[in-house]
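For reference, the structure is listed below as structure tokens.
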Amino acid sequence: MQAWQRYADGLGWATIAGVLAIVIVLVGAVVAVLARRRRAAVGVPDSSGPAVARDLPGLRQGLAKTRAGMFQRILPLLGRQRLDAEALGEIEAALLAADVGIETTQRLLACVQRRDRAGAAPRVALEEEIVAILDAAKRAGDAGRVTPADGTPLVLMVVGVNGVGKTTSIGKLAARFVRNGHRTLLVAADTFRAAAIEQLTVWAERSGADLVRQEHGGDPGAVAFDGMRAGMARKAGVVIVDTAGRLHTKSNLLEELRKVRRVIAREIPGAPHETLLVVDAVTGQNGLVQARAFLDQIDITGVILTKLDGTARGGIVLAIAGGLNLPIRYIGVGEGIDDLREFDAREFASALLAPTEEPGSP
Amino acid sequence: MFDALGDKLEQVFKRLRGHGRITEGHMTEALREVRMALLEADVALPVVQKFTESIRERALGQEVLRSLTPEQHLLKFIHLELIKTMGEQAAVLDLGVPPPVAIMLVGLQGSGKTTSSAKLARHLKSERGRRPYLVPADVYRPAAIEQLTALGRQLGLPVHPSAADATPVDLARAGMTAARTAGHDTVIIDTAGRLHIDEALMDELVAIKAAITPKYVFLVADAMTGQDAVNVAQGFHDKLAIDGVILTKLDGDARGGAALSIRAVTGAPIFFVGMGEKPEALEAFHPDRMASRILGQGDVLSLIEKVEKAYDQKQAEALEKKLRKNEFTLEDFRDQLQMVKKLGSMGDLLGMIPGMKKLAGKMDPGVADHELKRIEAIINSMTKEERRNDAILNGSRRKRIALGSGTNVADVNRFLKQYAQTKKMMKKFTKMGPGGLGRLTNMLPG
């Protein structure tokens, strides 16, 4: 990999991409040939067969105990004045189990150790460091914030992978803005998923926001265009654009998103003023990959963290904030219309390290 | 040629080898790397710990430490253990019970239950010859019933006319009755997403299960799920005794360690994986591929399957002949290029080849596709004769091609040089025979 890296840096990515393109095309040909031969030789290997259930009794029994024990053990350790290897191990485990990720966890551990030598209590040091990461991202986000020109609405665009809670978050956001006395317009640019438009329509009614929609299967760019025009004409204070969920690995779908963005920017200069990536708290390490891809492709400016009312801690946003300098703007904590809160770094930090509860009955 | 983890293990053992014999103590350091790799892949911490412990115990009894390439040996061992843990073989639905067979889908919000319901119904109809009946029982999320109804319409599958003001238990019961009356042999019940700690809603699922006694209760889980997978699986399993799992959104680049976590908690097999937004994008779960994916080794088998679907026998044979006889021309290259474009974006494809994954992640996914377009333009600007015999491409021809394709001569030269080199390399692989690519990647059987 390092050889590749040097090679790549020397040649530039475009050249590498060219080589790869050729390799892929030829590998495709070779694979086709080999796969055929393999099939012919072995007969068609069919993967069906009886399911071999292989339970792991030891593992299953161990799980409940480990989970219950972990956080109970970490609490006294965090409060302890000095750190030993065991205590560090416990802190590491707690952070990893919260989806913070290895890199950020190592960074936090190093900091706790450093501050331990300076005499700070581990828990305080840990919380302060987490808050520092989140605050730095927030400052960076605030500094880059664009405010709408006079007479034009604040335009928010909401993006994310499938099923993270974009439409629901928009419904809650709309309710927030309406409650604060802003005329709010929702734009149903998810024309792909079945009944996504109907879902947003319900949220518009619930929150008291206006709605711009077209037919299912229409062009999202065209809906965005209508939305911006309507936002101007109706003198809306806030316009929120819903987009279809898409995996960050689908380049054609990201291109579609870029187009929506271009349309918005063309109709209202400076817009979208905020492009929010919705991240599900249950998301693991792929969350960082997602955020990086969306940042590269459409310049997201912040994150909404949803579904924090479950047992998931959403620790991946710490990696996102620290690694990409992206502020966390809101959190979703339930299915009710008022269950969207502004993100509070301190509250998040202490919840991240709070003891866990046993889900369900044993 | 395992990447990532393989590289790291190699480093560990190389360093240790300098000190003479590799001892049991050194395994600890190697297993630390394994632990990190599994955590990066989102396998839940307790599962990782148990797994590496069992690896240590069993690996020590083996020849791992005396092996000349302990890292490869250990890696292969881990790979096999992962496969064993996830169930060795693809699980198949047993539908041999008196109809209607009920399948109930449960899971967190946004895990993909509604989409999976429709995909499952389509699969059962077209692959198993069943007559499925879809029953939407999500009365909470706005327009959830409409979503399944629309999907059913799209696929030509009957959907129960659920009313949003009915209770889910009544809907499930009425759905079963309606299916029986209309002669449907399989009923798929789509329930509302819920948190595993929501007592009231979990009890509702228990009530549905009691009312219709489904043959299968499927937990639908997102492949991107992190550490919480164990809690979620445990929560649903404790209440409902999960019979199987559908892992969704596996067409992304998540490593999918949740598969291991869920399996470890429930013991239930993973039956299907969701591979895209299209209704037919539901595939059987292959533990061996998942193991490779969790270890970050690309997914050669999936790539092969994709390619197999795209080519027919004749095309493959013709291609083989050309490659062997060195008659593969730019004309053929262009045909291949068209094929590859149909398979997916360069980023998707790169991710499936071992060793390329990391690179694919570093690169702007659009760059490779853009480069592919340029190459296509260059080839399209050649005459037929030039495409058949690139030896005749002299300076003035190259200049013309550059002009025609909107590139410059340097680009054309570079492409031709890379093309010649890569072709030579590929020819070697073809010569290796059926096991050639297998040896190349340590992935293919035989």
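The values are calculated or read from the model by the stated rules, or taken from the named source; none is laboratory data. From a predicted model like this one, the values you see are computed outputs, not experimental measurements. Positions of Cβ are generated from backbone atoms using ideal geometry, with glycine treated the same way; all protein chains shown enter the neighbour counts. Each accessible area value is taken on the protein alone, full model and side chains, heavy atoms only, with ligands, DNA and RNA left out. Shrake-Rupley method; radii C 1.70, N 1.55, O 1.52, S 1.80 Å.
Details
- Phi angles across region B:273-282 convert, under the Karplus curve 6.51 cos²θ - 1.76 cosθ + 1.60 with θ = phi - 60°, into 3J(HN,Hα) values of 10, x, 10, x, 8, 6, x, 8, 7, 10 Hz, Gly and Pro given as x.
- The packing ranking, built from the mean of other Cβ atoms within 10 Å per residue, places the peptides B:81-87, B:197-203, A:141-147 in the order B:81-87, B:197-203, A:141-147, highest first.
- For peptide A:93-104, the mean count of partner chain Cβ atoms within 10 Å of a residue's Cβ comes to 4.
- Per-residue 3J(HN,Hα) values for region B:322-333, derived from phi via the Karplus relation 6.51 cos²θ - 1.76 cosθ + 1.60 with θ = phi - 60°, read 5, 5, 5, 8, 6, 9, 6, 10, 5, 4, 5, 4 Hz in sequence order (x marks Gly and Pro).
- Charged-residue dipole, Cβ positions (Lys, Arg, Asp, Glu), region A:104-236 about Cα centre, Debye nearest 20: 380 debye
- Cα gyration tensor shape for region B:129-176, rounded if a/c is under 1.5, else prolate or oblate: oblate
- The B:Q315 and A:R346 beta-carbon pair, evaluated with R₀ = 56 Å, returns a calculated FRET efficiency of approximately 0.35.
- A:A118-B:V409 pseudo-label distance in nm [points 7 Å out on the Cα-to-Cβ vector]: 6.3 nm
- Backbone phi angles across region A:136-150, fed through the Karplus curve with coefficients 6.51, -1.76 and 1.60 (θ = phi - 60°), yield HN-Hα couplings of 4, 5, 5, 4, 4, x, 5, 5, x, 5, 9, 9, x, 5, 4 Hz in residue order; Gly and Pro are listed as x.
- For the residue pairs B:K342/B:K423; A:K250/B:K341; B:K325/B:K424; B:K125/B:K278; B:K278/B:K342; B:K321/B:K417, the alpha carbons lie more than 18 Å apart in B:K342/B:K423; B:K321/B:K417.
- About the Cα centre, charge dipole magnitude for region A:213-362 (Lys/Arg +1, Asp/Glu -1 at Cβ), debye: 640 debye
- Cα pair count fraction exceeding 18 Å, expressed as % - region A:298-347: 28 percent
- Interface size, chains A and B: roughly 9100 Å² of accessible area buried, both sides included, 1.4 Å probe, rounded to the nearest 100.
- 18 Å tail of the calculated P(r), region A:217-286, as % of Cα pairs: 44 percent
- Charge context of A:G332, other residues only, Cβ under 10 angstrom, K/R +1, D/E -1: -1
- Reachable aspartates and glutamates, given that their alpha-carbon falls under 14 Å from the alpha-carbon of B:K373 and they are not under 8 places away in the same chain: B:D335, B:D411
- Global geometry of region A:98-207, whether rounded, prolate or oblate, following the gyration tensor of its Cα atoms and the 1.5 cut on a/c: prolate
- Listed peptides B:323-336, B:381-394 by packing density, highest first (mean Cβ within 10 Å): B:323-336, B:381-394
- Cα pair distances in region B:161-234, grouped into 5 Å bins until the bin that holds the longest one, percent each: 3, 13, 23, 22, 17, 10, 8, 3, 0
- Proximity of backbone amide H atoms, modeled 1.01 Å from N, is registered between B:T248 and B:A221, B:D222, B:A223, B:G274 at under 5 Å, excluding neighbours fewer than 5 places apart on the same chain.
- Amide H contacts under 5 Å for A:D280, placed H, 5+ residues apart: A:T306
- Rounded to 0.05, the FRET efficiency of the B:K84 and A:D150 pair, given R0 = 51 Å and the Cβ-Cβ distance, is 0.15.
- Cα gyration tensor, region A:146-304 - rounded (a/c under 1.5), prolate or oblate: rounded
- For A:L211, residues with placed amide H under 5 Å, excluding near neighbours: A:L186
- The charge dipole of region B:131-287, taken about the Cα centre with unit charges on the Cβ atoms of Lys, Arg (+1) and Asp, Glu (-1), comes to about 380 debye, rounded to the nearest 20.
- Sorting the segments A:122-133, B:253-264, B:173-184 by their residues' average number of neighbouring beta-carbon atoms within 10 angstrom, most packed first, yields B:253-264, A:122-133, B:173-184.
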